[in-house]
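*Asks:* Quick one: structure below, then a few questions.
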Amino acid sequence: MAYTHNELRHKTLAELRDIAKDIQHDAVQGYTQLNKEHLVVAICRALNIEMHEHHDVVGIDKAAVNSRIRELKKRRDSALAGHDHAQLRKVRRGIHRLKRQIHKATVLKASPQ
């Protein structure tokens, strides 16, 4: 059975050891002595499972939004240097809104299985 890293993390230590006993790989040698975190990593190595989730930004042009954020950061630095607190607040809110826009458009990429 194919597992994902997220599925393995949510299993109990007994379930992980049961999975590891059927695997013949150097990474899971001594699985009975490993704690849960180390055992999850060892099983992922043995089964060639990626240990992090991939995310995609859908529905917006991420490169354009990031370039706007960089421009706003330059304006923020000049507002800081000039002690212009009103402009500084506007620019910081703009940066925050753009970062939230990227965050809302981020979705978990479907794994190829």
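The values are calculated or read from the model by the stated rules, or taken from the named source; none is laboratory data. Fair warning: this is a prediction, and the values are worked out from it, not measured in the lab. With ideal geometry, Cβ positions are generated from the backbone for all residues, glycine too; neighbour counts draw on all protein chains shown. Protein only, heavy atoms only, side chains kept; ligands, DNA and RNA dropped before computing areas. Shrake-Rupley method; radii C 1.70, N 1.55, O 1.52, S 1.80 Å.
*Asks:* Collect the residues in the range 13-22 that are touching a helix residue (DSSP H, G or I) at 6+ places or on another chain (Cβ under 8 Å) and loosely packed, with under 15 Cβ neighbours inside 10 Å, keeping them in residue-number order.
*Replies:* L13, K21
Okay, residues lined up against (1) farther than 30 Å from E7 by Cβ; (2) modelled with pLDDT of 95 or more:
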position: A27; (1), (2): no, no
position: R45; (1), (2): no, no
position: N48; (1), (2): no, no
position: E53; (1), (2): no, no
position: A81; (1), (2): yes, yes
position: V91; (1), (2): yes, yes
position: L98; (1), (2): yes, yes
position: I102; (1), (2): no, yes
position: K109; (1), (2): no, no
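Residues are listed down the side, and each one gets a yes or a no for (1) β-branched (V, I, T); (2) outside any helix (DSSP H, G or I):
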position: E7; (1), (2): no, no
position: Q24; (1), (2): no, yes
position: I49; (1), (2): yes, yes
position: D56; (1), (2): no, yes
position: V65; (1), (2): yes, no
position: E71; (1), (2): no, no
position: R76; (1), (2): no, no
position: H83; (1), (2): no, yes
position: R93; (1), (2): no, no
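*Asks:* So which residues in the range 69-113 are open to solvent by 100 Å² or more (accessible area, probe 1.4 Å) and in contact with a helix residue (DSSP H, G or I) (Cβ under 6 Å, 6 or more places away or on another chain)?
*Replies:* The one that is open to solvent by 100 Å² or more (accessible area, probe 1.4 Å) and in contact with a helix residue (DSSP H, G or I) (Cβ under 6 Å, 6 or more places away or on another chain): R75.
*Asks:* Suppose we filter the range 52-67 for residues that are closer than 14 Å to L108 by Cα and within 17 Å of the chain's Cα centre (by Cα); how many remain?
*Replies:* Final tally of qualifying residues: 7.
*Asks:* While we're on this one: Counting only residues that are in contact (Cβ under 8 Å) with a residue 40 or more places away in the chain, closer than 19 Å to Q101 by Cβ and open to solvent by 70 Å² or more (accessible area, probe 1.4 Å), how many does the range 29-68 have?
*Replies:* Total meeting the criteria: 4.
*Asks:* Can you tell me which residue in the range 9-22 is modelled with the highest pLDDT, limited to those that are under 12 Å from I43 (Cβ atoms) and in a loop (DSSP other than H, G, I, E, B)?
*Replies:* Among those that are under 12 Å from I43 (Cβ atoms) and in a loop (DSSP other than H, G, I, E, B), it is K11.
*Asks:* Name every residue in the range 76-97 that is touching a residue at least 12 places away in the same chain (Cβ under 8 Å) and more than 23 Å from I60 (Cα to Cα), in order of residue number.
*Replies:* Within the range 76-97, R76, A79, Q87, L88 meet the criteria.
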